[in-house]
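Below is one structure; the comments refer to it alone.
The values are calculated or read from the model by the stated rules, or taken from the named source; none is laboratory data. Quick caveat: nothing in here was measured; it's all calculated off a predicted structure. In this analysis, Cβ positions are derived from the backbone assuming ideal geometry, glycine residues included, and neighbour counts consider all displayed protein chains.
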């Protein structure tokens, strides 16, 4: 059982519902299910990261276009 799970997941930025789901699995000792669940959460965070990167790339493109057109 991971004792500081709630604090760590809060720092990571998971929602209250996500933290509660992980806590239930942790408390029940379902480590395999907890590991799968945390991997799903990781995939969600990676998707957010990639979306943010695309937005940044688009902003960089606009900045270059404006700089070149000025």
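Here are some notes:
- Complete set of residues in the stretch 34-51 that are touching a helix residue (DSSP H, G or I) at 6+ places or on another chain (Cβ under 8 Å) and over 18 Å from residue 4 (Cα atoms): 45
- Cβ-Cβ contacts under 7 Å between residues 6 or more apart (or on different chains), taken from a first residue in the stretch 52-64 that is assigned to a helix (DSSP H, G or I) to a second residue that is at pLDDT 95 or above, are absent.
Yes/no per residue for (1) under 19 Å from the mean Cα position of the chain (by Cα); (2) modelled with pLDDT under 95; (3) surrounded by 10 or more Cβ atoms within 10 Å (Cβ to Cβ); (4) at negative phi:
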| residue | (1), (2), (3), (4) |
| --- | --- |
| 7 | yes, yes, yes, yes |
| 12 | yes, yes, yes, yes |
| 17 | yes, no, no, yes |
| 27 | no, yes, yes, yes |
| 37 | yes, no, yes, yes |
| 47 | yes, no, yes, yes |
| 58 | no, no, yes, yes |
| 63 | no, no, yes, yes |
